[in-house]
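S.K.: Take a look at the following structure, please.
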Amino acid sequence: MKGQLDFMLLAVLRTGPAYGYVIIEDIKRRSGGVFDLPESTVYPALHRLETKGLLRSEWAEVNGRRRRVYDVTTTGRAALHDQRDAWRRFSSAVSSVGESP
Amino acid sequence: MSTTGPIEAYMAIFARHLAVAPRRRRRILEETEGHLLDAAEGLVAKGRTETDAQRQAIERYGGPEGAAASFGTRPVGVLCRGVFRVLRRLPGRWRPTLTPAAESEHHLDPGCSSMCDICGRDVAPADSLVTDLSAVGEVASHVTMVVHRACYDLGGAILQLRGTPVTAAGPPPRDRTP
């Protein structure tokens, strides 16, 4: 699940910078409510991705409050591209096996 | 959204269990509280009372102990980085001694805020000790640190961290009284 969470975080942030609460709500919305994670799991993952250089962050004033806003780096975009390819191959292979007579 | 109430209580427990480096700690505390307040405001907008919204935001976030632990813990070497950096500059072996002012009860000024030099957590005035590190034998230099009482073993072992000896340097001072 950790790998999938990282993938989803990169995918959500690919569309634009966001802070933690918005990222979590976006994951829930895009997954149709399937991924309703304990919200505390997201911040360690964001920090880990930042340590790896896949994300960057900075404090910003958003709606009257200081928030840590995250954005994908160039390295992060490349990693997301690779992970998407890998996921497509994996899910295609699983589907092939699962649906074969 | 008020910062008092369930979120305040949650953050107090979360902060107590958060064992990370001081700079990272400040960021995590601010992000966590900000998230809970955002979540609670979203629920208030949907018709919840402020107290119920805060409780539900906390429930969705997860228990404070587990949430704090998910950020990892500082390894002993990192935890005591400040101390070891100082110790490397001291000649020979060393031992901590209480400053004369700390031999009975020592408190920081009530309005003063400080951070324990060993565990990196905030030190409440009533829980503080100011301690000198002195070289064993001829004292060529010494440094002064503010630490939690629990991070400093008054029984004589050297700088115990949560009951685990961090280091030992020479016999405990014979004139120490707990």
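Readers should treat all values here as calculations from the given coordinates under stated rules, not as data from a laboratory. Computed from a predicted model, the values in this text were never measured in an experiment. No Cβ is skipped: glycine too gets one built from the backbone with ideal geometry, and neighbour counts run over all protein chains shown.
S.K.: Residue A:61 passes all but one of (1) in a helix (DSSP H, G or I); (2) free of Cβ contacts under 8 Å to residues at least 12 places away in the same chain; (3) out of contact with any Asp or Glu (no Cβ under 7 Å at 6 or more places or on another chain); which number fails?
M.R.: Here residue A:61 clears every test but (1).
S.K.: Here is a follow-up. Checking residue B:59 against (1) within 11 Å of chain A (Cβ to nearest Cβ); (2) crowded, with 16+ Cβ neighbours inside 10 Å; (3) not aliphatic (A, V, I, L, M), which test does it fail?
M.R.: (2)
Rundown of residues vs (1) more than 8 Å from chain A (Cβ to nearest Cβ); (2) more than 13 Å from residue A:44 (Cβ to Cβ); (3) out of contact with any Ser or Thr (no Cβ under 7 Å at 6 or more places or on another chain), yes/no style:
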| position | (1), (2), (3) |
| --- | --- |
| B:35 | no, no, yes |
| B:43 | yes, yes, yes |
| B:46 | yes, yes, yes |
| B:65 | yes, yes, yes |
| B:68 | yes, no, yes |
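S.K.: Looking at the structure I just gave you, is residue A:67 over 22 Å from residue B:71 (Cα atoms), charged (D, E, K, R) and touching a residue at least 24 places away in the same chain (Cβ under 8 Å)?
M.R.: no
S.K.: Okay, moving on. How about region B:1-75: which helices (runs of 4 or more DSSP H) wholly inside it have at least 3 residues that are charged (D, E, K, R), without any contact (Cβ under 8 Å) to a residue 12 or more places away in the chain and under 19 Å from residue A:65 (Cβ atoms)?
M.R.: Qualifying helices (runs of 4 or more DSSP H): B:22-45.
S.K.: Count, please, the residues in region A:20-43 that happen to be out of contact with any Gly (no Cβ under 8 Å at 6 or more places or on another chain) and outside any helix (DSSP H, G or I).
M.R.: The qualifying residues number 7.
S.K.: Which of the following residues is in contact (Cβ under 8 Å) with a residue 60 or more places away in the chain and not hydroxyl-bearing (Ser, Thr, Tyr): A:90, A:7, A:35?
M.R.: Within the list A:90, A:7, A:35, the selection yields A:7.
S.K.: Please go through region A:70-87 and give me each residue that is touching a residue at least 60 places away in the same chain (Cβ under 8 Å) and of a type in the set (Val, Ile, Thr), ordered by number.
M.R.: The one that is touching a residue at least 60 places away in the same chain (Cβ under 8 Å) and of a type in the set (Val, Ile, Thr): A:72.
Residues are listed down the side, and each one gets a yes or a no for (1) of a type in the set (A, V, I, L, M); (2) exposed (fewer than 14 other Cβ atoms within 10 Å of the Cβ); (3) over 19 Å from residue A:4 (Cα atoms):
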residue: A:35; (1), (2), (3): no, no, no
residue: A:42; (1), (2), (3): yes, no, no
residue: A:55; (1), (2), (3): yes, no, no
residue: A:61; (1), (2), (3): no, yes, yes
residue: A:76; (1), (2), (3): no, no, no
residue: A:79; (1), (2), (3): yes, no, no
residue: A:98; (1), (2), (3): no, yes, yes
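S.K.: In region B:1-21, which residues are more than 11 Å from chain A (Cβ to nearest Cβ) and within 13 Å of residue B:71 (Cβ to Cβ)?
M.R.: B:15, B:17, B:18, B:19, B:21
S.K.: Here's something else I'd like to know. In region A:44-53, what residues are buried (at least 17 other Cβ atoms within 10 Å of the Cβ) and either outside any helix (DSSP H, G or I) or free of Cβ contacts under 8 Å to residues at least 12 places away in the same chain (or both)?
M.R.: Within region A:44-53, A:44, A:47 meet the criteria.
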